[in-house]
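A quick write-up on the structure given underneath.
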Amino acid sequence: MATHFPTEYIDALLKRVDMMQVMSENGIEVRTGSSDNNFYIASFCCGKTDFDNGRIKKSTQTYKCMSCFVGGNAIHFMQNVVGKSFPEAVIELARMIGLELPYEDPAEIEKRQRKEKALKLAAEFYSTQTNYEYMLSRGISEEVLVRHKVGYAPGGRTLRNHLEKFGYVKQELLDYKLINSKGLDSFFYRSIVPVYMYGKVIDLYGRAVNDEKVGIKHFYLNGQDILGGFDLINPNALVLLFEAAIDRLVAESHGIDNGVDPGGSQKFTASHAKQLKKKGVSKVMIIYDGDSSGREGAMKSGLLLAQEGIQVWIGELPDKQDAANMLQEYGKEAFVETLNRPKTFEQFKLYYELAKYSLSDIEQYLIDMKSKLSVSKLRE
Ligand SMILES: [Zn+2]
């Protein structure tokens, strides 16, 4: 089965797909419009029940929710809403429009396998560099670092030299983004956290060990469609969903384990929710940062998880706190105390919505509701 598709093939596919068909075949109600727009019910992103927000642009066959601006093309829909992987999405769409799948050259297969091997070798190489100073200073224990194969990137040409011993050439390493145009390792002066999914290294996360020396604090090789910690979780226990790798690793160092992280509060996708479901996860507590982006991310992630029938709780952190900082500043007891009062996702949604209104409006609403109740009581 082809798992790699040339750009021209994808372009041809997207030109021919019918977004109305793609959505309706996946249980989303659609309606034909008269101008350039067709409509759909934005149930999957905003829980809407009418056609007011979902727009399908006929000329581009893309969709967009006018309430939360979630949208994209048919492949994005299959990935983010239906929960397919990229190749699965392409194969399904090709079937829908009767487009033959491209033949995958054995040379291409080999090329892909070489890349996978390079990432694995890179992760293994970094894990042998045990400059743990930064990670230890963040409160992550050595045991946890070893368990997650965390390492260090010394920079220069150390990784390049190592991979060249295995027959890799400069152009390949450039293509994999492991080295930059100067021929130097892309990762330098960084703690490296490899992301394993289904036994494969699918990404590398590099955390700058000295914020002043390196412009970008967080550097991912790819940064998309990853769920750090995924391979090591026990699906039968409560799974903790953190924003970032550091939060997850600090928590685990304090004995609060079974965590995963998508690498950012806005990065959790429908595909992640499906993968957790597929692994047998039934309970998730979201512990994102105590800021607006964290709350917004918790809303989005919670909706996606709930759609999979996963029970969701939100462990809210105090304002401006993240899991890592809170654990380090206030200790495990204070952190656990906060998480002992999690909101169910339903409660969280209610509070999230109410926060958009003024207190006086809410008070007036309560007064009105109470008077309605007393009127109906009088009538009984
Ligand atoms: Zn929406």
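Hydrophobic long helices, here whole DSSP H runs in the chain with Kyte-Doolittle means of at least -0.5 and Cα atoms spread over 27 Å or more along the helix axis, are found at 359-379.
Report, in debye and to the nearest 20, how large the dipole of the chain comes out about its Cα centre when Lys and Arg carry +1 and Asp and Glu carry -1 on their Cβ. Intermediate values should be presented prior to the final figure.
On the way: 49 positive and 50 negative charges, 75 e Å.
For this selection, approximately 360 debye.
Residue ranges 36-44, 231-239, 366-374 sort as 36-44, 231-239, 366-374 when ordered by packing (mean number of other C-beta atoms within 10 Å per residue, highest first).
For each pair in Lys278/Lys349; Lys343/Lys372; Lys58/Lys267; Lys170/Lys267; Lys117/Lys149; Lys149/Lys182, compute the distance between the two Cα atoms and list the pairs where it is over 23 Å.
Values: Lys278/Lys349 25 Å; Lys343/Lys372 29 Å; Lys58/Lys267 28 Å; Lys170/Lys267 31 Å; Lys117/Lys149 16 Å; Lys149/Lys182 28 Å.
Correct reply: Lys278/Lys349; Lys343/Lys372; Lys58/Lys267; Lys170/Lys267; Lys149/Lys182.
Using DSSP to call loops (not H, G, I, E or B), can you name the chymotrypsin sites (Phe, Trp or Tyr not before Pro) in segment 182-283 whose Cβ has at most 14 other Cβ atoms within 10 angstrom?
Values: sites: Phe187, Phe188, Tyr189, Tyr196, Tyr198, Tyr205, Phe219, Tyr220, Phe230, Phe242, Phe268; in loops: Phe187, Phe188, Tyr189, Tyr198, Phe268.
Within segment 182-283, the qualifying chymotrypsin sites (Phe, Trp or Tyr not before Pro) (loop, at most 14 other Cβ atoms within 10 Å) are Tyr198.
The Rg/Rh ratio for the chain, using Cα coordinates for both the radius of gyration and the Kirkwood hydrodynamic radius, is 1.02. According to the Kirkwood relation over distinct C-alpha pairs, the hydrodynamic radius of segment 126-275 is 16.0 Å. In terms of its Cα atoms, segment 221-380 spans 63, 36, 28 Å along the principal axes, sorted from long to short. Near Asn258: Cβ cut-off under 14 Å, other residues only, Lys/Arg at +1 and Asp/Glu at -1. The net charge is -1. Ellipsoid fit via the Cα gyration tensor, segment 94-194: semi-axes of 33, 19, 11 Å, each the root of five times an eigenvalue, largest first. Built from the Cα atoms of segment 302-380, the convex hull projects on average onto 8.5 nm², one quarter of its surface area.
Equivalent-ellipsoid semi-axes (√(5λ), Cα gyration tensor) for segment 230-301, whole Å, largest first? Present the calculation step by step, with values, prior to reporting the outcome.
Working: eigenvalues 63, 49, 17 Å².
Value: 18, 16, 9 Å, ordered largest first.
Three principal axis extents of segment 29-104 based on alpha-carbon atoms, in descending order, are 42, 25, 17 Å. Taking Ala323, Ala355, Ala298 in turn, the Gaussian network model of the chain (Cα-Cα springs below 10 Å) assigns the largest fluctuation to Ala355.
Annotation for Glu100 and Asp319: the two label points, set 7 Å from Cα along the Cα-Cβ direction, are 6.4 nm apart. Note on segment 227-292 and segment 347-374: Cα centroid distance 33 Å, given to the nearest whole angstrom.
Values quoted throughout were computed directly from the atomic coordinates according to the rules given, and no laboratory measurement underlies them. In this text, all values refer to a predicted model and were calculated from it rather than measured experimentally. Neighbour counts run over all protein chains shown; Cβ positions are idealised from the backbone, glycine included.
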